[in-house]
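Participant: Got a structure here, written out as structure tokens. Questions coming.
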Amino acid sequence: MYWRLAGKAQSTFAMTFAQRLAVATAFTTLFLVGVGVLVRATGSGLGCPDWPTCHGGAVPPASRDSLIEFSHRFTAMVVGFMVIGVAICAWKFYRHVPFITWLATFTVPLVGIQGLLGALTVVRELPPEIVATHLLTAMLVLSCEITVAVAMFVEDPRRKDRPEMRTAARPIGKIAIIAIVWLAAVMWIGGYMTESGAATSCEGWPLCNGSVVPAANEHEVVHMTHRYLAGAFIFFIVPVVAAAWKERKRVRWAAPFAVLVGGLYVVQVTVGALNVWLTFPEPLTISHTVIAASIWFTLSGAAALTFYSPVLATQETRLRKAGAPA
């Protein structure tokens, strides 16, 4: 009896550790995005002109740009080790859940691709399309990590599955996924805009140099395309907030989700306007992308909470459909 209880306690501790590591990995990745924007905002992208070394050494020289760039690389390395740790925990403690093990495993090479894009960014001397793709890949990594973390929590035998809550949340999750796709376009264009030098091409907000339509200028077109897409994002945010608020009594996470994602969007629009009015000061530039990543984080969490179904619940559903007793 003692050994059985001890084994159960050890298993519970291990699963709790895996869950916390998965959550910590997701938040550390969000922090990594912030450090990456710091590199971009301060113009430190070539603070280390070579890769993976910095000025030919393992330790960066004591210059501002080199230290900022190297801090991004160091944080990325930490995230890489954490992602590997989550994958190991998934295979050790969640091997009975193929979705968790394979998604956690898939995230490992995805982080590797992200690192290669970072290297290409340095070697090619910051081409805007690669910088933007580097950011978007980080968002995809973030979604995978959030989904793994949610799945680990849902599969915890100490937590009771509530299929009726997932059913009620379905409209929220559907809109959240569509919103993520739209946000991907917004963030890619935003990353391209900043690195291409188009960020300062439009004076004034919401107009661009006094006009709703950009002039026949590549930088103005890129800048206003970002604004148009960001403005249209409200047609996804309002429905998802409304759907979540409507189901707040049946879905326990719906009310805080609605308040958080709605509040983040309002702050995001405000920071975007202030960036233009104040000519992109570093704190606001960093905040703008971090808030966008936080919206992505929140929407990804809602989608995972909606559509992930525990293994036991899935098996019972299949048995019922087959006419066998659950």
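Just so you know, all these numbers are worked out from the coordinates, no wet-lab data involved. From a predicted model like this one, the values you see are computed outputs, not experimental measurements. Counting neighbours? That spans all protein chains shown, and the Cβs are built from the backbone with ideal geometry, glycine included.
Participant: Enumerate by residue number the GluC sites (Glu not before Pro) in segment 190-243 meeting two conditions: DSSP loop (anything except H, G, I, E, B), and at most 12 other Cβ atoms within 10 Å of the site's Cβ.
Facilitator: Taking segment 190-243 and a limit of 12 other Cβ atoms within 10 Å, the loop GluC sites (Glu not before Pro) found are GLU203.
Participant: What ranking of HIS134, HIS223, HIS55 emerges when the number of other C-beta atoms within 10 Å of each C-beta is taken as an exposure proxy, fewest first? List each step's numbers first, then the result.
Facilitator: Numbers: HIS134 23, HIS223 26, HIS55 14.
So the residues, fewest neighbours to most, are HIS55, HIS134, HIS223.
Participant: Show me, for segment 172-177, the HN-Hα J-couplings you get by feeding each phi into the Karplus relation (A = 6.51, B = -1.76, C = 1.60, θ = phi - 60°), rounded to Hz, glycine and proline as x.
Facilitator: Residue by residue, segment 172-177 yields 5, x, 4, 5, 4, 5 Hz.
Participant: Right, another one. Using a 10 angstrom cutoff on alpha carbons, build the Gaussian network for the chain and name the most mobile of LEU135, LEU305, LEU278.
Facilitator: LEU278
Participant: Moving on to the next point. Under a point-charge model restricted to the Cβ atoms of Lys and Arg (+1) and Asp and Glu (-1), what is the dipole moment magnitude of segment 14-160 relative to its Cα centre, in debye to the nearest 20?
Facilitator: Working: 10 positive and 8 negative charges, 118 e Å.
For segment 14-160, the charge dipole is close to 560 debye.
Participant: Cut-off is 10 Å between beta-carbons; in what order do TYR94, TYR308 appear when sorted fewest neighbours first? Mind showing how you got there, number by number?
Facilitator: Numbers: TYR94 22, TYR308 19.
Arranged by neighbour count, lowest to highest, TYR94, TYR308 become TYR308, TYR94.
Participant: Output the 0 to 90 degree angle, nearest 10, between the alpha-carbon long axis of helix 64-93 and the longest principal axis computed from the alpha carbons of the chain.
Facilitator: 20
Participant: Can you sort VAL269, VAL37 so the residue with the fewest Cβ neighbours within 10 Å comes first? Kindly include the intermediate steps, with their values, before the conclusion.
Facilitator: Values: VAL269 19, VAL37 23.
The order, fewest Cβ neighbours first, is VAL269, VAL37.
Participant: Which of the cysteines in the chain are isolated, no other cysteine C-beta under 4.7 Å?
Facilitator: CYS89, CYS144
Participant: Assuming R0 = 35 Å, can you tell me the calculated FRET efficiency for the pair ILE88 and ASN217, based on Cβ-Cβ distance, to the nearest 0.05? Kindly include the intermediate steps, with their values, before the conclusion.
Facilitator: Details: r = 51 Å, r/R0 = 1.47.
Result of the calculation: an efficiency of 0.10.
Participant: Could you pull the Rg and Dmax for the chain, using just the Cα atoms, both in Å?
Facilitator: Here Rg and the maximum Cα pair distance are 22.0, 78 Å.
Participant: Loop-only check: which GluC sites (Glu not before Pro) in segment 132-179 are DSSP coil with at most 13 other Cβ within 10 angstrom? Can you show the working numbers first?
Facilitator: Working: sites: GLU145, GLU155, GLU164; in loops: GLU155.
Qualifying residues, ordered by number: none.
Participant: Size of segment 14-160 along its principal axes in angstrom, Cα-based, largest extent first?
Facilitator: That gives 52, 29, 22 Å along the principal axes, largest extent first.
Participant: Work through the residues other than GLY210 whose Cβ is under 12 Å from its Cβ and net out their charges, Lys, Arg +1 and Asp, Glu -1. Could the numbers behind the result be given before it?
Facilitator: Values: positive: none; negative: GLU203, GLU220.
Within the 12 Å Cβ shell, the charges total -2.
Participant: Right, here's the next one. For segment 192-243 and segment 46-86, compute the distance between their C-alpha centroids and round to whole Å.
Facilitator: 32
Participant: For a quick check, take a GNM of the chain with Cα springs below 10 Å and name the residue from LEU32, LEU116, LEU142 with the largest mean-square fluctuation.
Facilitator: Among LEU32, LEU116, LEU142, the largest mean-square fluctuation in the Gaussian network model of the chain belongs to LEU116.
Participant: Using helices alone, I'd like the mean residue ellipticity at 222 nm for the chain: each DSSP H run of four-plus residues gives -39500 (n - 2.57), total over residue count, nearest 500.
Facilitator: Details: 10 runs with 247 residues, N = 326.
Rounded to the nearest 500, it is -27000 deg cm²/dmol.
Participant: For the chain, what is the number of Lys pairs with C-alpha distance below 30 angstrom, counting only pairs 8 or more positions apart or on separate chains?
Facilitator: 11
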